[in-house]
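Encoded as structure tokens, the structure appears first; notes follow it.
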Amino acid sequence: MARLQRVAAYAVCVRDGEVLLARWISPSGPRWTLPGGGLDHGEDPRDAAVREVAEETGHQVVLDGLLTVDSIRLTTDLAGDPVDHHGIRIIYTGHVVGGELRDETDGSTDRAEWIALDRVGTLDRVSLVDIGLDAWRAGRR
């Protein structure tokens with residue numbers, strides 16, 4: 001079985017009781033996720049998170065700090081071949097300093113939206129959303 005390791009960086013941006021999310025077009029259908037994505041070779045994770053948030057949502061962000069680092073391992077199917085996938089997910093907290101909310105075109109997401117925190121639990125979402133928000137809430141205590 002092929003093995004793949006992917007390092008990615010994400011941002012939790014909360015304002016006025018809403019969190020900024022992007023809708024990922026997964027192989028099994030659209031699911032909400034934190035804005036972010038894979039690092040380019042040699043790219044600093046902080047720079048990757050800022051770049052990915054801008055690409056996926058149109059917003060410019062400043063990162064406030066590291067929330068958590070998460071690791072996930074699963075078997076997935078890429079083009080008919082099973083892959084042992086290991087994802088390392090670096091999650092920051094940040095705040096918006098500019099730009100305008102817009103959807104990504106020709107990317108891995110198709111929609112960006114500010115979602116009320118009390119609605120997140122009703123969304124079809126990846127586990128990363130809950131992991132990031134749990135870390136954000138823990139950091140506020």
task: For D40, state whether it is touching a helix residue (DSSP H, G or I) at 6+ places or on another chain (Cβ under 9 Å) and over 29 Å from D118 (Cα atoms).
output: yes
- line: Of the residues in region 113-136, those that are touching a Phe, Trp or Tyr at 6+ places or on another chain (Cβ under 9 Å) and either within 21 Å of E55 (Cα to Cα) or crowded, with 18+ Cβ neighbours inside 10 Å (or both) number 7
- request: Working only within region 6-44, note down all residues that are of a type in the set (G, A, S), closer than 15 Å to R125 by Cβ and in contact with a Phe, Trp or Tyr (Cβ under 9 Å, 6 or more places away or on another chain).
  value: A22, G36
message: Residues that are within 17 Å of the chain's Cα centre (by Cα) and of a type in the set (S, T, Y): list the strands (runs of 3 or more DSSP E) wholly contained in region 39-118 that include at least 2 such residues.
response: 59-78, 81-99
message: Regarding region 65-84, can at least one residue be identified that is surrounded by fewer than 20 Cβ atoms within 10 Å (Cβ to Cβ) and touching a Phe, Trp or Tyr at 6+ places or on another chain (Cβ under 8 Å)?
response: yes
query: Restricted to region 102-112, and to residues that are touching a residue at least 60 places away in the same chain (Cβ under 8 Å) and either loosely packed, with under 15 Cβ neighbours inside 10 Å or among the polar types (S, T, N, Q) (or both), which residue is nearest to W136 (Cα to Cα)?
result: T109
- prompt: Identify, please: which residue in region 21-55 is surrounded by fewer than 17 Cβ atoms within 10 Å (Cβ to Cβ) and among the polar types (S, T, N, Q) and is, among those, nearest to E104 (Cα to Cα)?
  reply: S26
message: What are the pairs with Cβ atoms under 6 angstrom where one residue, in region 59-72, is at pLDDT 95 or above and the other, located anywhere, is in a strand (DSSP E or B) and among the polar types (S, T, N, Q)? Sequence gap at least six, or different chains.
response: D64/T93; G65/T93; L67/T93
task: Can you tell me which residue among S71, S26 is polar (S, T, N, Q) and either out of contact with any Lys or Arg (no Cβ under 8 Å at 6 or more places or on another chain) or more than 24 Å from R141 (Cβ to Cβ) (or both)?
output: S26
message: The conditions are (1) at pLDDT 95 or above; (2) within 17 Å of S26 (Cα to Cα); (3) touching a Ser or Thr at 6+ places or on another chain (Cβ under 8 Å), and D124 fails exactly one of them. Which is it?
response: (3)
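The values are calculated or read from the model by the stated rules, or taken from the named source; none is laboratory data. None of the values given here were measured: they were computed from a predicted structure. Using ideal geometry, Cβ is built from the backbone for each residue, glycine included, and neighbour counts are taken over all protein chains shown.
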